[in-house]
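Chemist: Got a structure here, written out as structure tokens. Questions coming.
The values are calculated or read from the model by the stated rules, or taken from the named source; none is laboratory data. Treat the numbers as computed from the prediction; the structure is a model and nothing was measured. As a convention, Cβ positions derive from the backbone with ideal geometry for all residues, glycine included, and neighbour counts pool all protein chains shown.
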Amino acid sequence: MLWTALYFPGLPLSVFARAGTGSVAAVVSSASHRPDVVAANDAAKRRGIVAGLSIAAALALDPEIAIHLRDERAEAAALKSIALWGGQWTSTISIEPPAVVLLEISACLNYFEGLPKLLARIDAGLAALGFSGVIATAPTALAASLLARAGQAIAIEHTVDLEPRLGTLPVALLDSERPILDTLTGIGVHTIADVLALPRDGVARRFGQRLLDEIDRARGIQPDPRSLFVPPERYHGQLELPVPVAEAEALLFAAKRLVVELAGFLQGRGAGVTRLRCDLIHEDAPPTAIVLGLAATRKVEHIVNVLRERLAREELPDRVEAIRLVSEEIAPFPGQDGELFAGAHRHGESGKQWIERLRARLGDDSVRELCLNADHRPEHAWRYRGTTSASAVPLPADPPRRPLWLLPRARPLGVDLASAQLSLLSGPERIESGWWDGGEIGRDYFVGSDAQGGELWLYRDRGGQWFVHGIFS
């Protein structure tokens, strides 16, 4: 097995900062009578504000600093969102509170062209989500977690190489009781290698077997069973904004974070979203719901482009404090044939995607397409329909010959074709229909030719009168 640990030391701040650009100095405060700084962003660190500093001292350094009260529920939700996104890499995922997500990746290395490329994609994806962390890989889940929490962003693929690296890690990282760890440090046992150098029986009697068992799980000597993350049936993500936003288009930066999460969820399920709801949550007004109808897709840029068009024409009743994204309908993603020339369709969007963007910009009822209609009368055999409508009548396998250009009104020719210098090429085809709706017709259709060789679609009615109804291209 091979586990990759994603450790997020700045998670308390990330849950507030990922929806913004991070240009404003901000800290996360502990919930206590004398609060201190739990985490600080780069802008705050440049002012000398670091973790452990009291909030009073931080305000003295910068009276305008943004202060967020730590939200452990939001941190737990963020870990679940990362695990949900991580389903695109593997289905074996475990969450280790308070700040680690573990991915078992041994089965997917060949698919993603090896470990270095896979880790690079994971790192880039986390940045797109708005999280930064330490990524460590090891043959056991606990070893990967310990390495990541020690700040060692390394990849160890073989067990034989694991123990020397584990031995250098401080015992303070272990999940033992704090008095035990303090006692070990007090007697000069600072690293895992120092613990292993002591007699095992003596360590077990003095500090308990649990300490040794934990080290053995990290070394791969004992099994390390873990509860696996089970993804939900549909995606449901929410992001609180650092400050309320009054303009709809300004929400796109935060919305894209959620779309990246959604794309990872869809990738893991081998599906595309067909109906997506974006709720803009207000303080003093009901949420504004934006519903997108899509052809099954999981392309981040396309979903963001369609959402951009909808947001551009949205009038908000109040400032937006949070964004919620819900995949109301998903569908299995259709397989695609390979291309003879790689990248042949790399530029531009497909026709369906352009239609979806037009609908988002102009409105669902403003974009229509032509389709067949189940009626034998030529003037009623086609109609407009919305691009989200159900499929219309399919084209017959061997359709009769019809002109591409049908005249708005049939042009009368009289009773004598010779005087009109027309001749018949084929026919007749009798069409009698419409008796049920008051538009009854009885016609014999022919393909004819004029003096210049152009082909016309002609018919003769029951009274013997001739008409031109269409022109063949």
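Chemist: Could you pull out the residue among ALA124, ALA136 that is touching a residue at least 24 places away in the same chain (Cβ under 8 Å) and among the hydrophobic types (A, V, I, L, M, F, W, C)? Give the derivation first.
Modeler: On the way: ALA124 fails: touching a residue at least 24 places away in the same chain (Cβ under 8 Å).
It is ALA136.
Chemist: State all residues of segment 232-272 that are in contact with a Leu (Cβ under 9 Å, 6 or more places away or on another chain), charged (D, E, K, R) and closer than 23 Å to LEU103 by Cα; if no residue qualifies, say none.
Modeler: Correct list: ARG257, GLU261.
Chemist: Same structure again: Quick one: in segment 8-38, which of the residues that are under 16 Å from ALA58 (Cβ atoms) and polar (S, T, N, Q) is surrounded by the fewest Cβ atoms within 10 Å (Cβ to Cβ)?
Modeler: Among those that are under 16 Å from ALA58 (Cβ atoms) and polar (S, T, N, Q), it is SER32.
Chemist: Inside segment 5-63, can you point out the residues that are touching a Ser or Thr at 6+ places or on another chain (Cβ under 9 Å) and among the charged types (D, E, K, R)?
Modeler: ARG34, ASP36
Chemist: So which pairs qualify, if the first residue must be in segment 82-98 and more than 14 Å from LEU142 (Cα to Cα), the second must be assigned to a loop (DSSP other than H, G, I, E, B) and of a type in the set (A, V, I, L, M, F, W, C), the Cβ gap must be under 7 Å, and the two must be at least 6 apart or on different chains?
Modeler: Matching pairs, first to second residue: ILE82/PHE131; ALA83/PHE229; TRP89/ILE105; THR90/ILE105; THR92/LEU228.
Chemist: Quick check on GLU240: is it assigned to a helix (DSSP H, G or I) and not polar (S, T, N, Q)? Quick ask: steps written out before the conclusion?
Modeler: Details: assigned to a helix (DSSP H, G or I): no; not polar (S, T, N, Q): yes.
Answer is no for this residue.
Chemist: With respect to LEU307, is the statement that it is surrounded by 15 or more Cβ atoms within 10 Å (Cβ to Cβ), in contact with an Asp or Glu (Cβ under 8 Å, 6 or more places away or on another chain), more than 18 Å from PHE265 (Cα to Cα) and at pLDDT 65 or above true?
Modeler: The answer is no for LEU307.
Chemist: Ok, one more. If a residue has to be hydrophobic (A, V, I, L, M, F, W, C), in a helix (DSSP H, G or I) and under 21 Å from GLY133 (Cβ atoms) to count, how many in segment 163-203 make the cut? Please lay out each step first, then the result.
Modeler: Kept after step one, since they are hydrophobic (A, V, I, L, M, F, W, C), are these residues of segment 163-203: 166, 169, 171-174, 180-181, 184, 187, 189, 192-193, 195-198, 203.
Okay, now just the ones that are also in a helix (DSSP H, G or I), so 166, 171-173, 180-181, 184, 192-193, 195-196, 203.
Okay, now just the ones that are also under 21 Å from GLY133 (Cβ atoms), so 166, 172-173.
Selection size over segment 163-203: 3.
Chemist: Looking for something surrounded by fewer than 21 Cβ atoms within 10 Å (Cβ to Cβ), part of a helix (DSSP H, G or I) and in contact with a strand residue (DSSP E or B) (Cβ under 8 Å, 6 or more places away or on another chain) - is there at least one such residue anywhere in segment 41-49?
Modeler: The first filter runs over segment 41-49 and keeps only residues surrounded by fewer than 21 Cβ atoms within 10 Å (Cβ to Cβ), leaving 42-43, 45-48.
Going one step further and asking which of them are part of a helix (DSSP H, G or I), we end up with 42-43, 45.
If we keep only those that are in contact with a strand residue (DSSP E or B) (Cβ under 8 Å, 6 or more places away or on another chain) too, we end up with 43.
Scanning segment 41-49 turns up at least one residue that is surrounded by fewer than 21 Cβ atoms within 10 Å (Cβ to Cβ), part of a helix (DSSP H, G or I) and in contact with a strand residue (DSSP E or B) (Cβ under 8 Å, 6 or more places away or on another chain).
Chemist: Out of segment 418-450, which residues are in contact with a Ser or Thr (Cβ under 9 Å, 6 or more places away or on another chain), free of Cβ contacts under 8 Å to residues at least 60 places away in the same chain and in a loop (DSSP other than H, G, I, E, B)? Steps first, answer last, please.
Modeler: Let us first name the residues in segment 418-450 that are in contact with a Ser or Thr (Cβ under 9 Å, 6 or more places away or on another chain), namely 422-425, 439-442, 446-450.
When the remaining residues are screened for being free of Cβ contacts under 8 Å to residues at least 60 places away in the same chain, the result is 422-425, 440, 442, 446-450.
Correct list: LEU422, GLU440, ASP450.
Chemist: Could you list, in sequence order, the residues of segment 229-246 that are touching a residue at least 24 places away in the same chain (Cβ under 8 Å) and more than 15 Å from ASP279 (Cα to Cα)? Give the derivation first.
Modeler: Going through segment 229-246, the residues touching a residue at least 24 places away in the same chain (Cβ under 8 Å) turn out to be 229, 231-232, 234-246.
Answer for segment 229-246, where residues must be touching a residue at least 24 places away in the same chain (Cβ under 8 Å) and more than 15 Å from ASP279 (Cα to Cα): PHE229, PRO231, PRO232, ARG234, PRO242, VAL243.
Chemist: Shifting gears a bit: Could you tell me whether segment 72-90 includes any residue that is under 17 Å from ALA17 (Cβ atoms) and part of a loop (DSSP other than H, G, I, E, B)?
Modeler: No, there is no match, as no residue in segment 72-90 is under 17 Å from ALA17 (Cβ atoms) and part of a loop (DSSP other than H, G, I, E, B).
Chemist: Of the residues TRP85, TRP89, which is at pLDDT below 95 and outside the structural domain of ALA263 (by TED's automatic domain parsing)? So that I can check it myself, show each step before the final result.
Modeler: Numbers: TRP85 fails: at pLDDT below 95.
Only one candidate passes the filter, namely TRP89.
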